[in-house]
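Input: a single structure, listed below in structure tokens.
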Amino acid sequence: MNPVELILKKRMGNALNVDEMKYFVEGYIDGSIPDYQMSSMLMAIYFQDMEVEEIQALTGVYVNSGDRIDFPRGWNTVDKHSTGGVGDKITIPLAPIVAACGARIPMISGRGLGHTGGTLDKLESIPGLRTNFSESDFRNIIDKVGFSIISQSEKLVPADRLIYGLRDVTATVESLPLITASIMSKKIAEGAQNLVIDLKVGTGAFLKNMETAKRLAVLLAETGRKFGQDVTVVFTDMNSPIGKYVGNALEIKESIDYLNGADNPDLHIITKKLAMEMLILSKCCKNEAEASEAVEKAINSGKALDVFAEWIELQGGNPEVCNNTDLLPFCKYKVPIVSKADGHISVIDSQSIGYALIDIDAGRKKVDSVLNYGSGAELFFRIGDEVKTGEKMGFVFCDDKEKGRHVADRIAQSYEITDGVKAKQDRIIRTKRG
């Protein structure tokens with residue numbers, strides 16, 4: 001086969017068959033197809049889309065590019081995946097909560113993609129914590145504490161591991177076929193029998209509208225069903241950043257504070273809903289009422305935080321961060337974000353906030369960019385809140401004050417402030433089961 005002909009075929013809007021996709025993906029893995037040709041193929045897929053059967057075939061090629069993990073009979077495993085958003089730290093408190101309620105959660109997570117932070121980047125801001133573990137270690141950690149969050153090994157879905165990073169720097173992140181194949185291949189290969197998708201919609205998400213989100217939900221559910229996986233999709237609002245903080249170590253701090261009992265309605269609403277769906281899918285709870293009670297008990301008793309600390313230690317990190325978040329990385333400077341007008345916040349361009357923070361190394365410009373784990377922002381206000389000219393809207397945390405001022409200004413400009421009052425938005429939009 002000729003890679004150029006296959007790129008041309010897809011560019012013209014024609015479907016690739018399994019053998020053609022296998023040839024192209026395997027060629028990229030072994031180095032016979034270079035980055036620039038894979039980039040061209042990704043862009044062709046981005047513009048020409050794929051049919052459901054073609055997406056399922058690509059997912060299969062991804063899965064079969066490496067090993068698959070199996071768990072003992074009787075482990076009714078469940079995982080959660082988010083399509084990404086600004087300040088999306090939900091996995092961090094969610095996994096120990098669900099594990100504290102008796103579920104088994106195998107998680108293969110990723111790094112930052114586009115304007116959104118990656119779960120692994122956040123977790124690796126915990127001193128000493130590792131995410132590169134063998135399959136046997138992965139199983140053992142789950143057996144001991146109920147969950148494990150690791151990076152993709154070279155043997156597990158190598159196709160997605162390599163293509164994932166390339167998508168980030170070629171502006172092809174938002175492609176629904178590529179999102180579907182990436183998410184589902186990891187979740188199938190990692191051994192999760194059930195999956196809850198946190199499908200984010202709004203200015204800070206890759207999906208800006210419900211029409212596109214609903215289509216992706218169908219693709220994810222049908223692809224899961226094709227591979228014997230039960231999938232529930234929860235649509236959540238991403239028109240404003242989640243919680244108070246955006247940034248790797250800052251989001252770990254916020255998650256620990258929440259598990260310690262700090263009042264955080266924004267974080268609690270989404271975390272509790274996803275936890276309930278995971279407990280129902282994994283048959284740990286019979287219904288929503290039972291799941292709701294279990295989640296509240298896991299948090300209020302301190303059991304979820306204990307599980308989180310135990311997990312940190314098992315993965316090489318310092319569990320003392322759960323008692324003292326000052327052990328996390330921090331930056332030298334704290335630059336105020338100042339309101340440019342009087343009025344009520346009507347729109348927040350969360351994506352713009354995410355990209356602004358990349359300038360202080362809270363995210364990546366290139367695959368090999370070095371992160372500053374302590375950098376990020378604290379944001380005080382949400383849509384519907386009233387602000388005054390010159391009022392502090394939050395802070396930027398950075399090690400370069402001049403860059404910090406520039407980022408603070410960009411963030412301030414991401415808020416649209418008007419005279420009219422806009423109603424506050426619900427975080428949970430709808431749920432699609434089965």
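The values are calculated or read from the model by the stated rules, or taken from the named source; none is laboratory data. Quantities reported herein were computed from a predicted structural model and do not represent experimental measurements. Counting neighbours? That spans all protein chains shown, and the Cβs are built from the backbone with ideal geometry, glycine included. Areas reflect the complete protein model, heavy atoms only, side chains present, ligands, DNA and RNA absent. Shrake-Rupley method; radii C 1.70, N 1.55, O 1.52, S 1.80 Å.
Applying the Karplus relation 6.51 cos²θ - 1.76 cosθ + 1.60 with θ = phi - 60° to the stretch 218-232 yields 3J(HN,Hα) values of 5, 4, 5, 5, 5, 5, x, 4, 4, 9, x, 10, 7, 10, 10 Hz, where x marks Gly and Pro. Taking amide H as placed 1.01 Å from N in the peptide plane, residue 80 has its amide H under 5 Å from the amide H of 196, each at least 5 places away in sequence or on another chain.
Let me know the charge dipole size of the stretch 59-174 about its Cα centre in debye, to the nearest 20, where only the beta-carbon of Lys, Arg (+1) and Asp, Glu (-1) is charged.
Numbers: 13 positive and 13 negative charges, 47 e Å.
Dipole about the Cα centre, nearest 20: 220 debye.
Assuming a ≥ b ≥ c are the square roots of the Cα gyration tensor eigenvalues, decide whether the stretch 105-164 counts as rounded (a/c under 1.5), prolate (otherwise, with a/b larger than b/c) or oblate. Oblate, since a/c reaches 1.5 and b/c is not below a/b. Taken one residue at a time, the phi angles of the stretch 16-30 give Karplus couplings (6.51, -1.76, 1.60, θ = phi - 60°) of 8, 8, 4, 4, 5, 5, 4, 4, 5, 5, 5, x, 5, 5, 8 Hz. Gly and Pro are set to x.
If both residues of a DSSP beta bridge must be in the chain, then about 55% of such bridges are antiparallel. From helices alone, the chain scores -13500 deg cm²/dmol at 222 nm; the rule is -39500 (n - 2.57) for each run of n ≥ 4 DSSP H residues, then divide by the residue total. For the stretch 302-411, the list of chymotrypsin sites (Phe, Trp or Tyr not before Pro) that fall in a loop by DSSP and count at most 14 other C-beta atoms within 10 angstrom reads 380. As a calculated quantity, the FRET efficiency between residue 171 and residue 68 at R0 = 41 Å, using C-beta atoms, amounts to about 0.85.
Kirkwood analysis of the Cα pair distances in the stretch 358-400 returns a hydrodynamic radius of 12.3 Å. Taken per residue, the accessible surface of the chain reaches 40 Å², heavy atoms only and a 1.4 Å probe. Shown here for the stretch 290-336: trypsin sites (Lys or Arg not before Pro) in loop regions (DSSP other than H, G, I, E, B) with at most 10 other Cβ atoms within 10 Å, of which there are none.
Report, in whole Å, the centroid distance computed from the Cα atoms of the stretch 142-194 and the stretch 306-372. Here the two parts' Cα centres lie 23 Å apart. Here the Karplus curve 6.51 cos²θ - 1.76 cosθ + 1.60, taken at θ = phi - 60°, turns the phi angles of the stretch 125-135 into couplings of 7, 6, x, x, 5, 10, 10, 9, 10, 6, 4 Hz, with x standing for Gly and Pro. When nucleic acids and ligands are ignored and a 1.4 Å probe is applied, residue 414 ends up with an accessible area of around 10 Å². Taking the accessible area of the stretch 58-141, probe 1.4 Å, and keeping the other protein chains in place, the carbon and sulfur fraction comes to 39%.
In the chain, a dipole from Cβ-located charges (positive for Lys and Arg, negative for Asp and Glu) runs towards its positive end, and of 28, 138, 12 it is 12 whose Cα lies farthest in that direction.
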